[in-house]
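Trainee: Structure incoming, see below.
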There are 2 protein chains.
Amino acid sequence: VVQAGAMKPYELYYWPSIQGRGELVRLALEEAAAPYVDVARTPRGMSAMMKLIAGHGSGLAPFAPPFLKAGALVVAQTANILLYLGERHGLAPKADAGRLGAHQLQLTAMDFVAEAHDVHHPVGAGLYFVGERIPKFLGYFEGVLSKNGPFMMGPRLTYVDLTMFQIVAGLDYAFPRTMKRMNRKIAGLRALHDRVKARPRVARYLASERRLAFNEHGIFRHYPELDLAR
Amino acid sequence: VVQAGAMKPYELYYWPSIQGRGELVRLALEEAAAPYVDVARTPRGMSAMMKLIAGHGSGLAPFAPPFLKAGALVVAQTANILLYLGERHGLAPKADAGRLGAHQLQLTAMDFVAEAHDVHHPVGAGLYFVGERIPKFLGYFEGVLSKNGPFMMGPRLTYVDLTMFQIVAGLDYAFPRTMKRMNRKIAGLRALHDRVKARPRVARYLASERRLAFNEHGIFRHYPELDLAR
């Protein structure tokens, strides 16, 4: 547990005019009596926030607010920030089962928050997804990879690379025309996909009965009418 | 890092006929050469899975598959499972910045996966949200609380309780008629909300300028036509 008096204030970055997901971080900072600056609500704070999102900070650029700067460390994703703060400020159980259990509940709460948001702000509509969201997310991941490479987190494969393989494979299946058009922009992710696919254990798995085929009941479904036009 | 030969097989629980989110866990288990049983694809496996979801296991019941049984520990939420496996099997950076960075990327990937799923399977539609999703999520949280109480994770407040406060407060603002009807079913969450709200630091924060008001630009928006009818 950190002594509040002994530390430099945290910097919280979030949209200045809504509670949103940032509020879940604020509540933890307030309950912990941890000094923090709500950066985007200070003069020139918005432009500082947009610079970090654009990747002008050190380390991993956040995909979206909220994110928290703690010294040199920038932590993004609400539940991840709370995992970090929970441990530092005694707002989480210390033993493994409790620590993972609290995080599991928090992630379930985040799913619920996302659904509440979707009620008035659906982003999954077909054309919007292929036209805006696929380029935005893949562009972000490609940027991280080109900065960190050869793997998403640097020199060694992590679980994130396995997930990137699955996302590229799934999008190839579901949105082949969109992915063909994206090809030049995601050259790094494509190469990563191929490299993961060729790893001996992964290759053996993919060739086994343990691997289910993509189909129209899963996450990535091939409905040609949802893909870009030819 | 765990010696594969020395351990009891993991038990993976996921829908047996799709890749889905479970595939992200399978890829990690396969790349780690970690022995596992894909329980729902074995005889009587589905009924074992449904029993754990219904809360007939020890510890925290998972809200949904996938979840992983590792000895007595049950870990749910895909990114949380990967956080756990990544650390145990050398599939994640060891230092704090890398460990949190990998998890941050994974959570961003999970957001993307959820959006891909929404293309064909939107769950955020107004009436479905108030009629089905609010009762399902709040019912789950109420169940966890009544099992663990007085706080979500037991005797001490964690960041999850702060999030529960915010969710109840946000739903009260956005869907007052729905929440009024839910009141008897969420007596525990309501009491938790009140208790968190009255904590000295939280109360001082809520009364300060640092707390923004709910409004129609945030997650919880009050559109009376999306609420249950009077």
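Trainee: Please build a GNM for chain A, connecting alpha carbons under 10 Å apart, and tell me which residue among A:LEU107, A:LEU12, A:LEU138 fluctuates the most.
Mentor: A:LEU107
Trainee: For A:LEU127, B:LEU171, what's the largest-to-smallest order of accessible area, 1.4 Å probe? Spell out each step's value before the answer.
Mentor: Details: A:LEU127 130, B:LEU171 0 Å².
Sorted descending by solvent-accessible area, the residues read A:LEU127, B:LEU171.
Trainee: Cut-off 10 angstrom, C-alpha nodes, Gaussian network model of chain B. Which of B:ALA33, B:ALA54, B:ALA207 fluctuates the most?
Mentor: Most flexible of the set in this elastic network: B:ALA207.
Trainee: Further, regarding this structure: Which value, in debye to the nearest 20, describes the size of the charge dipole of the protein assembly as shown about its Cα centre when Lys and Arg Cβ atoms bear +1, Asp and Glu Cβ atoms bear -1, and nothing else is charged? Numbers along the way, then the final one.
Mentor: Details: 58 positive and 38 negative charges, 100 e Å.
I would put it at about 480 debye.
Trainee: While we're looking at this one, here's another question. Could you tell me the accessible area of A:LYS147 in Å² (1.4 Å probe, neighbours in place), rounded to the nearest ten?
Mentor: Surface open to solvent at A:LYS147 totals about 110 Å².
Trainee: I would also like to ask the following. What Kirkwood hydrodynamic radius, in Å, does chain A give when the mean of 1/r is taken over all pairs of distinct Cα atoms and then inverted?
Mentor: 20.0
Trainee: Antiparallel DSSP bridges in chain A: what percent, to the nearest 5?
Mentor: 75
Trainee: Take every Cα pair under 8 Å in the range A:49-186 that's 6+ residues apart, average their separations, divide by the length, and report that relative contact order as a whole percent.
Mentor: Computed value for the range A:49-186: 12 percent relative contact order.
Trainee: While we're here: Please work out how much accessible surface A:GLU225 shows to a 1.4 Å probe, ignoring ligands, DNA and RNA, in Å² rounded to 10.
Mentor: Looks like 140 Å² after rounding.
Trainee: I would also like to ask the following. Can you give the % of DSSP beta bridges in the protein assembly as shown that are antiparallel, to the nearest 5?
Mentor: Percent antiparallel among DSSP bridges in the protein assembly as shown is about 75.
Trainee: On to the next question. State to the nearest 20 debye the size of the charge dipole of chain A about its Cα centre, where the only charges are +1 on K and R beta carbons and -1 on D and E beta carbons.
Mentor: The calculated dipole for chain A is roughly 1020 debye.
Trainee: On average, how much area does the Cα convex hull of the range A:118-230 cover when viewed from any direction, in nm²?
Mentor: Dividing the Cα hull surface by four gives the mean projection, 8.1 nm².
Trainee: Distance from the Cα centre of the range B:1-69 to that of the range B:175-216, in angstrom?
Mentor: The range B:1-69 and the range B:175-216 have Cα centres separated by 36 Å.
Trainee: Shifting gears a bit: Could you pull the Rg and Dmax for the protein assembly as shown, using just the Cα atoms, both in Å?
Mentor: Rg, Dmax (Cα atoms, Å): 21.5, 62.
Trainee: Translational D (Stokes-Einstein, µm²/s) of the range B:1-119 at 10 °C and 1.306 mPa s when Rh comes from the Kirkwood sum over C-alpha pairs? Write out the running numbers ahead of the final one.
Mentor: On the way: Rh = 14.9 Å.
The diffusion coefficient I find is 107 µm²/s.
Trainee: With a 1.4 Å probe and all protein chains kept in place, how do B:ARG184, A:ARG21 rank by accessible area, largest first?
Mentor: The ordering from most to least exposed comes out as B:ARG184, A:ARG21.
Trainee: In addition: So what is the calculated 222 nm ellipticity per residue for chain B, using -39500 (n - 2.57) for each DSSP H run with n of 4 or more, over all residues, to the nearest 500 deg cm²/dmol?
Mentor: When only DSSP H runs of four or more count, the value is -14500 deg cm²/dmol.
Trainee: Same structure, new question: What residues does the range A:153-197 have that are buried by at least 50 Å² of accessible area in the full protein assembly compared to the chain on its own, 1.4 angstrom probe?
Mentor: SASA drop of 50 Å² or more in the range A:153-197: A:MET153, A:TYR159, A:LEU162, A:THR163, A:GLN166.
Trainee: Right, something else. Of A:LYS94/A:LYS185; A:LYS69/B:LYS147; A:LYS51/A:LYS185, which pairs sit farther than 32 Å apart, going by alpha carbon to alpha carbon?
Mentor: A:LYS94/A:LYS185; A:LYS69/B:LYS147
Trainee: Treating the beta-carbon of each Lys and Arg as +1 and of each Asp and Glu as -1, no other charges, what is the dipole magnitude of the range B:53-146 about its Cα centre, to the nearest 20 debye? Provide the component values of the computation, followed by the final result.
Mentor: Values: 6 positive and 7 negative charges, 63 e Å.
Roughly 300 debye, rounded to the nearest 20.
Trainee: So how much accessible area does A:MET182 have, in Å² to the nearest 10, using a 1.4 Å probe?
Mentor: Accessible surface of A:MET182 is approximately 20 Å².
The values are calculated or read from the model by the stated rules, or taken from the named source; none is laboratory data. Keep in mind the model is a prediction, meaning the values are calculated, not measured. Virtual Cβ from ideal backbone geometry, glycine too; neighbours counted across all protein chains shown. For the accessible areas, the whole protein counts, side chains as well, though only heavy atoms, and no ligand, DNA or RNA atoms are used. Shrake-Rupley method; radii C 1.70, N 1.55, O 1.52, S 1.80 Å.
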